[in-house]
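Colleague: A single structure is presented below for examination.
The values are calculated or read from the model by the stated rules, or taken from the named source; none is laboratory data. Computed from a predicted model, the values in this text were never measured in an experiment. Here the Cβ positions follow ideal geometry from the backbone for every residue, glycine too, while neighbour counts run over all protein chains shown. Each accessible area value is taken on the protein alone, full model and side chains, heavy atoms only, with ligands, DNA and RNA left out. Shrake-Rupley method; radii C 1.70, N 1.55, O 1.52, S 1.80 Å.
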Amino acid sequence: MSILHGRGSTGPGAHDDSFEAFARANQTRLYRTAYLLCGEQEGARDLAQTALAKIFQHWRRVSAADHPEAYARTVLTRTYLAERRRRLRDLLAHTPVDVPRASVGPELTVTLLAALAELPPRARAMVVLRYWEDLSVESVAELLRCSESTVKSQCSRSLARLREQLGPAHVYTARN
């Protein structure tokens, strides 16, 4: 299902057409990154659409940028982090509810998405941007407004945690 819904909503024109072309060319990548951040389809679809809506609001500025794809990734990541902070704030503002954690049965293999879901939102964003999106340490630091050393240390800790959760790599790469 496309995350775009129809043609530009403010009427035909070069502004709408260029945004629509940009959105169509980048929707798969935005959705994939959103899915890795959220870990589920509906949340990823909502996140990608929210990011595209924000990009559309500032399309003139975005389209004039040297790297509109990087701008889109920044909007997507910051939107994800803001939503996570808002949810946490809402959760802390109300009476804590004991939510049972989903258990993985012995017949299921632990997947990367399940392991990513265990990371805090900011650490998860750093790992996805650094290793999935293949951004430099400097780019991730700029995107998340933190120091390069924070990116390095958080990624190192997060990778160690993922390795601990996933176990030996050969289990996932060996052919049976």
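Colleague: For segment 17-36, what are the residues that are of a type outside the set (Lys, Arg) and farther than 18 Å from residue 117 by Cβ?
Modeller: Just the residues of segment 17-36 that are of a type outside the set (Lys, Arg), to begin with: 17-23, 25-28, 30-31, 33-36.
Those that are of a type outside the set (Lys, Arg) and farther than 18 Å from residue 117 by Cβ: 17, 18, 19, 20, 21, 22, 23, 25, 26, 27, 28, 30.
Colleague: Right, something else. How many residues does segment 131-152 contain that are closer than 23 Å to residue 26 by Cβ and open to solvent by 60 Å² or more (accessible area, probe 1.4 Å)?
Modeller: 6
A quick yes/no check of all residues on (1) part of a helix (DSSP H, G or I); (2) modelled with pLDDT of 90 or more:
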residue	(1), (2)
77	yes, yes
89	yes, no
99	no, no
115	yes, no
126	yes, yes
139	yes, yes
158	yes, yes
161	yes, yes
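Colleague: Open to solvent by 100 Å² or more (accessible area, probe 1.4 Å), at pLDDT below 85 and within 25 Å of residue 159 (Cβ to Cβ), is that true of residue 103?
Modeller: Yes: the conditions hold for residue 103.
Colleague: Same structure, new question: Taking residue 63 as meeting all but one of (1) closer than 18 Å to residue 24 by Cβ; (2) under 16 Å from the mean Cα position of the chain (by Cα), write down the number of the exception.
Modeller: (2)
Colleague: Regarding residue 28, is this residue at pLDDT 50 or above and open to solvent by less than 30 Å² (accessible area, probe 1.4 Å)?
Modeller: Values: at pLDDT 50 or above: yes; open to solvent by less than 30 Å² (accessible area, probe 1.4 Å): no.
It is false that residue 28 is at pLDDT 50 or above and open to solvent by less than 30 Å² (accessible area, probe 1.4 Å).
Colleague: Still on this structure, I have one more. List pairs: first in segment 67-84 and surrounded by fewer than 20 Cβ atoms within 10 Å (Cβ to Cβ), second at pLDDT 90 or above and among the aromatic types (Phe, Trp, Tyr), Cβ under 8 Å, 6+ apart or cross-chain?
Modeller: Pairs found: 68/22.
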